[in-house]
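I have placed the structure first, in the form of structure tokens, so that the comments after it can refer back to it.
The values are calculated or read from the model by the stated rules, or taken from the named source; none is laboratory data. As the structure is a computational prediction, the values presented were derived from the model and not from experiment. A quick note on method: Cβ atoms are made from the backbone with ideal geometry, for glycine too, and the neighbour counts reach across all protein chains shown. Heads up: the accessible areas ignore ligands, DNA and RNA and are worked out on the full protein's heavy atoms, side chains in. Shrake-Rupley method; radii C 1.70, N 1.55, O 1.52, S 1.80 Å.
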Amino acid sequence: QTFTAWCNSHLRKAGTQIENIDEDFRDGLKLMLLLEVISGERLPKPERGKMRVHKINNVNKALDFIASKGVKLVSIGAEEIVDGNAKMTLGMIWTIILRFAIQDISVEETSAKEGLLLWCQRKTAPYKNVNVQNFHISWKDGLAFNALIHRHRPELIEYDKLRKDDPVTNLNNAFEVAEKYLDIPKMLDAEDIVGTLRPDEKAIMTYVSCFYHAFSGAQKAETAANRICKVLAVNQENEQLMEDYERLASDQKLEDFREYRRVHKPPKVQEKCQLEINFNTLQTKLRLSGRPAFRLSPLPCPGKEVAQGGSGGSGLSPLPCPGKEVALRDRDSGTASLAQVRALLRKHEAFESDLAAHQDRVEQIAAIAQELNELDYYDSPSVNARCQKICDQWDLLGSLTHSRREALEKTEKQLETIDELHLEYAKRAAPFNNWMESAMEDLQDMFIVHTIEEIQGLIAAHDQFKSTLPDADKEREAILGIQREAQRIADLHGIQLPSNNPYTSVTPQIINSKWERVQQLVPKRDQALQEEQNRQNSNEHLRRQFGSQANRVGPWIQTKME
């Protein structure tokens, strides 16, 4: 009932629906349509023929599409769906629900089932008599469903009037409100939930995931609208500030320029002329008296202000500090995340731009040294030595800058590879983890049979499941191999990986632990099925023996009655 309602909630968008989930997907047409609706993608063109081969081809197209989304379909084949195998069909629909409705749920670094459970716990935490710990008995009294609705749409639910001892009323109230106001179709039956000891977990998860998508979508839209409003308000404020600034700055600059021309410039021009006269007079007197020429102050050390009078009286701003070498030699990207390395690259690009702005200053220093050499300046060797030191340091900064960019870009590529591996691991680990959980549940399910045929059917299904285990083990090894490859790349390049995969909480330890549990449960299931088969064989022997005796006694009774 739940899976049928879930399918119809999507199929109605395409103007159709299903009545019987075992039958209506057999030709593959509505199955392909369902996948197109929930994924937003186009599947290959279906075959419209009525023959069995056409139906199998259509179902295979649907299964191939599911597999292309990173879902491992274990023991689910097109033939079983076409034959109307109810268990296989329901298993396939559950796989689709997990992949397209639950797997991408992410809440505070938890995803899929755990993320959905954490979301429910966070939303229902303030409500009395609600304690969501699972997807079965925590929902039996109906209060959790009503709390979810009230948390997001308080006008729809009078929560304080609900009573814990009236679960059927609570459940029906939530189901009716969700269907009428939230466009979430009724997928559960209140009497069934209350009347069973442990409600079906898959059904509850499917229904609750609809609430998550309904409310998270509305919340995202509201958040986006608020952000747009804030951005518009900030832009308007900024535009006004810029207009005010430009107006005030323009007035201030004009006034400052007028004051400079009127007050400050005339005496500065006079001082400059007098300085040149004094300098030339001094040099002439010293040359006539055979004294050494007046020595200008030596060039400052790299990184200090150069303010000497050359032939053009040029003044130079400070060069980049030699201390930059320390930062350029730093190997701080070894423990950084991908986002941090990208931030370091942006910072480095800004440094490169700043460094390029000093190129003219270095060339000016070289030009001053050349001019002093041409004027036969007496201390030219010292000037040349200092100029060479500056140029050498400049070349070193350029070399270190280039090396650091290469190192950061190399680290970025390595971290991108590791990030892609982490994402691929998560895409395959999540459905495989779900499959193992489902397998463990099936292996521990109690069974009641009355005939040899029934137990033989269970044994055949179990044998079919066991035949899929080698492929499942290969998938497990492939998933673990992805994690090992990420670790190998990190170790090779001295990169420190984060303690957890950012895309999933399913660790290799969890996968191995659950796989070991599956391996333990298989022989136990074998033994239980074998014991039941022995019992049914014994019962069948007794039934046949009783039937033979009845056949012998029957004619004797008939003779006496005559």
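Residue check: residue 463 meets all listed conditions (1) outside the structural domain of residue 497 (by the TED database); (2) free of Cβ contacts under 8 Å to residues at least 12 places away in the same chain; (3) of a type outside the set (A, V, I, L, M, F, W, C) but one, namely (1).
Looking at this structure, is residue 437 of a type in the set (D, E, K, R) and either within 24 Å of residue 105 (Cβ to Cβ) or in contact with a Ser or Thr (Cβ under 6 Å, 6 or more places away or on another chain) (or both)? Answer is yes for this residue. Residue 499 meets the conditions (1) surrounded by 14 or more Cβ atoms within 10 Å (Cβ to Cβ); (2) more than 30 Å from residue 68 (Cβ to Cβ) in every case but one. The failed one is (1). Got a sec? Which of 109, 201, 114 is within 28 Å of the chain's Cα centre (by Cα) and at positive phi? Just one listed residue meets the conditions, 109. Scanning the range 436-451 for residues that are among the β-branched types (Val, Ile, Thr) and surrounded by 16 or more Cβ atoms within 10 Å (Cβ to Cβ) turns up just one, 449. Out of everything in the range 486-528 that is in a loop (DSSP other than H, G, I, E, B) and among the hydrophobic types (A, V, I, L, M, F, W, C), what residue ends up being farthest from residue 435 (Cα to Cα)? Checked the range 486-528; the qualifying residue farthest from residue 435 (Cα to Cα) is 495. Pairing each residue of the range 378-393 that is over 22 Å from residue 359 (Cβ atoms) and at pLDDT below 90 with any residue that is in a helix (DSSP H, G or I) and not aromatic (Phe, Trp, Tyr), provided the two are 6+ apart or on different chains, yields C-beta distances under 9 Å for 379/372; 380/369; 380/372; 380/373. Within the range 29-87, the set of residues being in contact with a His (Cβ under 8 Å, 6 or more places away or on another chain) and within 19 Å of residue 4 (Cα to Cα) comprises 34, 37, 38. Checked against the criterion of being under 13 Å from residue 205 (Cβ atoms), in contact with a Leu (Cβ under 7 Å, 6 or more places away or on another chain) and touching a residue at least 12 places away in the same chain (Cβ under 8 Å), the candidates 66, 105, 97 yield just one match: 105. Only one of the numbered conditions (1) assigned to a helix (DSSP H, G or I); (2) over 21 Å from residue 104 (Cβ atoms) is violated by residue 447, and that is (1). May I ask you to list the residues in the range 315-351 that are modelled with pLDDT of 80 or more and surrounded by fewer than 15 Cβ atoms within 10 Å (Cβ to Cβ)? Correct list: 339, 340, 343, 346, 347, 349, 350. In this structure, residue 421 does not satisfy being in contact with a helix residue (DSSP H, G or I) (Cβ under 6 Å, 6 or more places away or on another chain) and farther than 24 Å from residue 115 by Cβ. Note on the range 178-206: residues that are of a type in the set (A, V, I, L, M, F, W, C) and in a helix (DSSP H, G or I) total 7. Against the numbered list (1) closer than 21 Å to residue 433 by Cα; (2) exposed (fewer than 11 other Cβ atoms within 10 Å of the Cβ); (3) among the charged types (D, E, K, R), residue 544 comes up short only at (1). None of 166, 160, 141 is of a type in the set (Asp, Glu) and open to solvent by less than 30 Å² (accessible area, probe 1.4 Å) except 141. Of note, residue 75 satisfies the criterion of being closer than 23 Å to residue 474 by Cα and either open to solvent by 20 Å² or more (accessible area, probe 1.4 Å) or among the basic types (Lys, Arg) (or both). Given the condition assigned to a helix (DSSP H, G or I), open to solvent by 40 Å² or more (accessible area, probe 1.4 Å) and farther than 18 Å from residue 95 by Cα, answer yes or no: does some residue in the range 424-435 qualify? Yes, the range 424-435 has at least one match. Of the residues making up the range 117-146, those that are in a loop (DSSP other than H, G, I, E, B), touching a residue at least 40 places away in the same chain (Cβ under 8 Å) and farther than 30 Å from residue 36 by Cβ are 134, 136, 140, 142. In the set (1) surrounded by 14 or more Cβ atoms within 10 Å (Cβ to Cβ); (2) charged (D, E, K, R); (3) closer than 30 Å to residue 350 by Cα; (4) free of Cβ contacts under 8 Å to residues at least 40 places away in the same chain, residue 404 fails one condition alone, (4).
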